[in-house]
1. From (1) outside any helix (DSSP H, G or I); (2) within 30 Å of N336 (Cα to Cα), pick out the condition that doesn't hold for A67.
2. Looking at segment 313-320, can you tell me whether even one residue there is free of Cβ contacts under 8 Å to residues at least 24 places away in the same chain and in contact with a Leu (Cβ under 7 Å, 6 or more places away or on another chain)?
3. Among the residues of segment 185-199 satisfying the criterion of being open to solvent by 50 Å² or more (accessible area, probe 1.4 Å) and in contact with a helix residue (DSSP H, G or I) (Cβ under 9 Å, 6 or more places away or on another chain), which is farthest from T122 (Cα to Cα)?
4. Suppose we filter T75, T70, T103, T66 for residues that are under 17 Å from A185 (Cα atoms) and touching an Asp or Glu at 6+ places or on another chain (Cβ under 7 Å); which single one remains?
5. Filter segment 75-94 down to the residues that are touching a residue at least 40 places away in the same chain (Cβ under 8 Å), open to solvent by less than 90 Å² (accessible area, probe 1.4 Å) and not aliphatic (A, V, I, L, M) and list them by number.
6. Any idea which of K272, K364, K340 is over 30 Å from G49 (Cα atoms), at pLDDT below 90 and among the charged types (D, E, K, R)?
7. If we keep just the residues of segment 26-49 that are within 15 Å of T243 (Cα to Cα) and charged (D, E, K, R), which is surrounded by the most Cβ atoms within 10 Å (Cβ to Cβ)?
Amino acid sequence: MGGLVVKRIFAVALISLACSVNVYAADIPSVSAHSAALMVADTHELVYGKAEHTRRPMASTTKIMTALLTLRCATPYKEVTVTEKMAAVEGSSMGLMPGDKVTYHDLVYGMLLASGNDAANTAAISVAGSATEFAKLMNKTANEIGMTNTNFVTPSGLDAENHYSTAYDMALLGCVAIENPDFLAACSSVQAKLCYGNEPYTRYLSNHNRLLKSFDGAIGIKTGFTKKSGRCLVSAATRDGVTLVCATLNAPNDWQDHAELLEYGFSVISTKELSVEADSVAVWGGNAKKVSVSALQPIQINSFCSAEQMETQILLKPYTVAPVEKGQVIGEVRINVNGKTVKSIPLAADNSVTSTTQEIKPKKRLTVRIKAWLKCLIDRIINSFKER
């Protein structure tokens, strides 16, 4: 938020007790996966890792990125006519044929439930013009997310030279993907009723993810397998407001790996409620000189943290001009973990402040703003010297 005054508060005293590990924490599991990562969805904190930064092929878990980009780039219920080039792909399929009409919505479900390579290929070509151009978009998005050890070549996850990722990067992608409500609705569906074909007719697709039926709180995400990659899986589960994402690459016993890792994660993660006090904000031209502010919702975070790793930032406007409405947002609280902002909560006025003058003319309003800006600048300079 532009023009805000930043106040950092290290939350050690407030949350050190809450951040201690649960005395009933499960033992750290021993997993079959060659690479594994368990992450807190809210904070992207790594709870468990095993060769989590080692590059490996990731098979059809690739479709997490393909589905997410399809949802971001395309109109969900717009129809696509499948071409021979789109349908000409080996492996798992949602049953598309040249000439079929299918919506992007159904392509996403075809990718995430049936792991359709034809669905991924059709979406990629229709969105970007070619699979090669779509891969460029995938890699650009991966870079923006922070997937520093990933390179996408195919939209489906079929083996290709230089098509690789890591357990850490795939867990991170999973965290980002489930923030999209349409993606989450698809990947958490045990079964879907779709309509496509030439002419379209009703089909039913079932999800390959066994955890949706066998693990309490499971909400997705995607399976994968090739001979080169071995069994790959990215999963997510939610309990008591805590969401975890787990990724394994080349895991002979992936279902058990994920069940044990998720149980371990839920035993060591808890919800921390932070208490912060925000300064009042100066009001110009009102029946009160200041207005107090408070958070619009509880300042909570699900974290596997140490107290030293967490801080809060209070960002407030240096001033506001009357009238001020109760509930009007004039700042925010940012929760930082390991120096990274993981959550932002709005700060709003606790009460209304009425204007005591007639509407300020533009020229006078500018003068008021300049005076307030100068005062804010002077206060910052003074505070900077105090901190030295």
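1. Evaluating A67 over (1) outside any helix (DSSP H, G or I); (2) within 30 Å of N336 (Cα to Cα) leaves (1) as the failure.
2. Step one: of segment 313-320, the residues free of Cβ contacts under 8 Å to residues at least 24 places away in the same chain are none.
No, segment 313-320 contains no residue that is free of Cβ contacts under 8 Å to residues at least 24 places away in the same chain and in contact with a Leu (Cβ under 7 Å, 6 or more places away or on another chain).
3. Applying the filter and picking the extreme gives V190.
4. Values: T75 fails: touching an Asp or Glu at 6+ places or on another chain (Cβ under 7 Å); T70 fails: touching an Asp or Glu at 6+ places or on another chain (Cβ under 7 Å); T66 fails: touching an Asp or Glu at 6+ places or on another chain (Cβ under 7 Å).
Answer to the check: T103.
5. Of all residues in segment 75-94, those touching a residue at least 40 places away in the same chain (Cβ under 8 Å) come to 76, 80, 82-83, 85-86, 89-91, 94.
Narrowing the set further to residues that are open to solvent by less than 90 Å² (accessible area, probe 1.4 Å) leaves 76, 80, 82-83, 86, 89, 91, 94.
Passing the criteria: P76, T83, G91.
6. Numbers: K272 fails: over 30 Å from G49 (Cα atoms); K340 fails: over 30 Å from G49 (Cα atoms).
Of K272, K364, K340, the one residue that is over 30 Å from G49 (Cα atoms), at pLDDT below 90 and among the charged types (D, E, K, R) is K364.
7. As a first pass, look at segment 26-49 and keep what is within 15 Å of T243 (Cα to Cα): 37-48.
From the residues that got through so far, the ones that are charged (D, E, K, R) too are 42, 45.
Numbers: D42: 22, E45: 19.
Only one residue fits best here, namely D42.
Results for (1) modelled with pLDDT of 85 or more; (2) open to solvent by 20 Å² or more (accessible area, probe 1.4 Å); (3) closer than 30 Å to E179 by Cβ, shown as yes or no for each residue.
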site: N287; (1), (2), (3): yes, yes, no
site: A307; (1), (2), (3): no, no, yes
site: P323; (1), (2), (3): yes, yes, no
site: G327; (1), (2), (3): yes, yes, yes
site: I345; (1), (2), (3): yes, no, yes
site: Q358; (1), (2), (3): no, yes, no
site: S384; (1), (2), (3): no, yes, no
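The values are calculated or read from the model by the stated rules, or taken from the named source; none is laboratory data. Predicted model, so just to flag it, every value in this text is computed and none were measured. Neighbour counts are summed over all protein chains in view; Cβ atoms, including those assigned to glycine, are modelled from backbone coordinates with ideal geometry. Side chains are part of the model used for accessible areas, which takes the heavy atoms of the whole protein and leaves out ligands, DNA and RNA. Shrake-Rupley method; radii C 1.70, N 1.55, O 1.52, S 1.80 Å.
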